[in-house]
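Notes follow the structure.
The values are calculated or read from the model by the stated rules, or taken from the named source; none is laboratory data. Quick caveat, the model's predicted, so the values are computed rather than measured. Neighbour counts are summed over all protein chains in view; Cβ atoms, including those assigned to glycine, are modelled from backbone coordinates with ideal geometry.
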Amino acid sequence: MKRLKNANAIIFTGGMIILYIIAVSIFSHLSDKYSRDISPYELTGEGYSESTGTVTGLADTISFYFEGTDEFAVNYLDITVDKLSEKPMNAGVFSADDEGQYKKIADIYIDEGYNEVKIKNGASYRLDIQNGNALEFDLEGISLRTAPSPRCIISNSIVIYAVFMALILYVLIRLNAFERLGTLGLSQRLVLGAEALFMVFLFIIMLYGIGDIRFKICSYALIPLAAAALALMYSGLKEGKINSKLITPCVLIAMLVLLCVVGFKMVSEPNTDLGTVYYSAWEIVDDGHVSTVFTGSEKHSYFFKESNNAYFMHYTANIPILALLALFYKVLSVFGLNRDSLLSNYMSILLNIAFIMGSVILTLKTAKNVFGKKGSLAALVMCFTFVPFYINACRFYTDTLSMLFVAAAFYVYSSSDEKFKYVWLKYALAGAAICAGALIKGSVYVVLVAFIIHLLLKGIKNLRCCAVMLAVIAVLSGVWGVYIDHCSWIDMSQEESMEFPLVHWIMMGMNRSGGGGYVQSDFEYTAQFPSKEEKKAADLEMLSKRFAELGTVDGAGDYLFNKSAGTWLEGQFMQSVHMDWVLKKGGLFDFLSADREHYSLYNIYIVVYIFCIFIFVAAGGIFALRSPKADYGMLLRLTLLGAVIFFMLWESKSRYILNFAPVFMLSAVYGLEGINKALDEGQDKGKASS
């Protein structure tokens, strides 16, 4: 009993701390949203044309001067540029002291698009573009983003915190939570804590995401209408009237045809990391190994000047997809295809489509295992209308290729033990699926952690099942490691000095100026150190500085929730960034590109779709709070919670979560099921009262 009380005290205290952090973060976020953007009073610099906004400079340094303000405490300098001729630009920010002398306050890299720099208050500023070469870009704007003083943030956060607590207490009282809490065991209380934490995180992320929606009027109107209509339609479906043997194959065939057509229309030049993997795989087919000579034609040469082999020493996580594609291209070469053939590119797209369709089929089978034919039909509709499947068909990279193994792991886990001759075989297969997916994309290990926690919450006797999964993963990953160290098609001799430590991606994820995504200067910073241990020490030092730069709790929370909203609610999974790779412009391209006339329709659809999905995910979590238990729905939300926390800390882009699409779709089906049951209960009560 004493242990139970201690556990309850820890959970309660932790919950209160988390709620306060969230309250502070919300107020900080709202403060930033509604603070004044201050346009520069003066923008002067050699080569700057105020009428066109174009900057052309031949001097070593181009300088811009602008004034600050004393009304608010200045927090951030926002710089937006376009059509940058050389990426990135080196720049320095200077602030004038009381004597009018300028002192440097920040060294930065300016990349194309939006750049954010945290600065201190000052009366005057100077931005120096440290050019070095002929340079041209369009300066779209420089502004000082301001926020109220910390005293105001803290006091108002306390008010918000009090309102939060009042609402939470009201809900708990209405649900008779305090009475039921006394009847729950430790395992159920832990489940309740995890469910509540996920709901709070999801609520805040959606709150942050709402503020970033484009075409707000249409989106704000359509999101609740679409969610309500879909919930009512699902509730109206009758299990016995669903002819899944006819509907499912027809929809899957239609989806396959659409994927093939869209993939063909969006055939793209493999670029950046995908380009390096593509051409390196063909090097293995043609020469027997990845090139160790830098030629300057490498697809990664814009961000570092090393050979294809050296690229894989830095990014060892891409070696499994390299092996997979090399094996596939070896088969294609038998039919006379080569790396410069457009057909080999399209064959890669077809391979990607096969992985996507496999993921969809396994997702449907999982939905049928858990929810029956009705849930499987809902999952089918979600998959068929999920536009990112189609627009990512042409991008045969780790995001879609690893998704098949995520879906496979959940299908195996959802299958009854009776389907397997030996129960341990079920968990061995689940472990094998997780290992294969994690080799292609490491974030899949989130699924392993969720499975282990879920099994232990169901009972300590499941420890042996966890041991089976861990043993299979250890053996398979160990065998792969030994093979790579001794294979002939890649030279791993310099792995120790060139491989980046895992902390590098956490350090990059904490870079405010990069929004938590890839930052070229971070790559160069880590790459300069000669050994992996030195890289790790340097990254840890930089990481500690960045945590310090986040300042107070509100700064950290605001950044992390903003980052999460951009990751989970962007909806396009970054495909819009890769539009320039498409070889055939026009037609479909006009709907998908931000500067084309039909883009607004596409953007509104994507926003409404992704918000509806997460509204249903939230609904499932809310219903689970009434009766917390370690069921399959809890596992799905636990996986999403793990993924949210992981990408809060890790380098993050929206396409990085595409492989978790089966998880949030199944979670949404769980929410639809909860709404359906609630409506049925309401009808039964209405009939009883009448």
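Points to keep in mind about this one:
- When residues of segment 584-611 are limited to those that are out of contact with any helix residue (DSSP H, G or I) (no Cβ under 8 Å at 6 or more places or on another chain) and in a loop (DSSP other than H, G, I, E, B), the one modelled with the lowest pLDDT: Asp595
- Of the candidates Ser521, Ser477, Ser513, the single residue that is touching a Cys at 6+ places or on another chain (Cβ under 7 Å), assigned to a helix (DSSP H, G or I), on the phi < 0 side of the Ramachandran plot and in contact (Cβ under 8 Å) with a residue 24 or more places away in the chain is Ser477.
- Residue match in segment 340-359 (condition: crowded, with 17+ Cβ neighbours inside 10 Å, among the charged types (D, E, K, R) and in the same structural domain as Asn462 (by TED's automatic domain parsing)): no
- Selection status of Pro270, under 25 Å from the mean Cα position of the chain (by Cα), modelled with pLDDT under 85 and of a type outside the set (Phe, Trp, Tyr): yes
- Close pairs (6 angstrom Cβ cut-off, 6 or more residues apart or separate chains): in the same structural domain as Ala619 (by TED's automatic domain parsing) and free of Cβ contacts under 8 Å to residues at least 12 places away in the same chain in segment 206-221, surrounded by fewer than 16 Cβ atoms within 10 Å (Cβ to Cβ) and assigned to a loop (DSSP other than H, G, I, E, B) anywhere: none
- Residue among Gly375, Gly431 that alone is in the same structural domain as Gly481 (by TED's automatic domain parsing), more than 19 Å from Leu476 (Cα to Cα) and more than 18 Å from the chain's Cα centre (by Cα): Gly375
- Criterion (in the same structural domain as Leu322 (by TED's automatic domain parsing), within 13 Å of Thr366 (Cβ to Cβ) and free of Cβ contacts under 8 Å to residues at least 24 places away in the same chain) met by exactly one of Val406, Val412: Val412
- Applying the set (1) in contact with a helix residue (DSSP H, G or I) (Cβ under 6 Å, 6 or more places away or on another chain); (2) buried (at least 18 other Cβ atoms within 10 Å of the Cβ); (3) in contact (Cβ under 8 Å) with a residue 60 or more places away in the chain; (4) in a helix (DSSP H, G or I) to Phe451 leaves exactly one unmet item: (1).
- Considering the conditions (1) among the small types (Gly, Ala, Ser); (2) over 26 Å from the mean Cα position of the chain (by Cα); (3) over 18 Å from Leu636 (Cβ atoms), Ser416 is excluded by exactly one of them, (3).
- Tabulated pairs, segment 534-549, first touching a residue at least 12 places away in the same chain (Cβ under 8 Å) and surrounded by 12 or more Cβ atoms within 10 Å (Cβ to Cβ), second part of a helix (DSSP H, G or I) and among the aromatic types (Phe, Trp, Tyr), C-beta under 7 angstrom, 6+ apart or interchain: Met542/Tyr525
- Any hit, segment 268-279, residues being within 30 Å of Gly557 (Cα to Cα) and surrounded by 15 or more Cβ atoms within 10 Å (Cβ to Cβ): no
- Some residue of segment 422-435 being part of a helix (DSSP H, G or I) and at pLDDT below 90: yes
- For segment 481-531, filtered to residues that are crowded, with 16+ Cβ neighbours inside 10 Å and among the charged types (D, E, K, R), the residue that is nearest to Leu649 (Cα to Cα) is Arg512.
- A single entry from Phe304, Phe312 fulfils the requirement of being within 27 Å of the chain's Cα centre (by Cα) and either surrounded by 17 or more Cβ atoms within 10 Å (Cβ to Cβ) or of a type in the set (S, T, N, Q) (or both): Phe312.
- Residue count, segment 374-389 (criterion: buried (at least 24 other Cβ atoms within 10 Å of the Cβ) and more than 18 Å from Tyr670 (Cα to Cα)): 1
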